[in-house]
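The values are calculated or read from the model by the stated rules, or taken from the named source; none is laboratory data. Source: prediction; values computed, not measured. Don't worry about glycine lacking a Cβ; one is built from the backbone with ideal geometry, like all the others, and counts go over all protein chains shown.
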């Protein structure tokens, strides 16, 4: 992927890349201050290549001028019947995907990295043939909500049950 001002966004491909992603995903979870057990978070961490490294998914990492220091991440995966669980790769065309785990390290915020990651994962979802992207976000994540809405996401009905009151569900037409 093309470099951006002060950083580069690349797909996770190697075991080292997925370990870097695990570190970023854990930082993301810690920043939320909530228990993600209801999303099978630990299982997701152990199966990142299966969840996001398939021909139907992607996990992007952002690096700064030091290629050893990851500054952020974002992922996309197919949805099963537009439900919450990630789809397992099969020989069928998936029309709807879910953006997951957008995270920018505190030291990298304010440089446009979040927007670049969102733009990059939307582009990758289009390349994968998806026609719709969905996501969920917390009421406290006002900056992320603004970012998603500027990218064209609109509020939609909940596509899974969540124990987190006020969860906002957004969708984007990719066609």
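Data overview
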{"item": "Considering residues of segment 6-34 that are touching a helix residue (DSSP H, G or I) at 6+ places or on another chain (Cβ under 7 Å) and in contact (Cβ under 8 Å) with a residue 40 or more places away in the chain only, the residue nearest to residue 109 (Cα to Cα)", "result": "7"}
{"item": "Count of segment 157-175 residues which are loosely packed, with under 14 Cβ neighbours inside 10 Å and closer than 23 Å to residue 123 by Cα", "result": "2"}
{"item": "Residue in segment 7-22 that is modelled with pLDDT under 85 and more than 14 Å from residue 120 (Cα to Cα) present", "result": "no"}
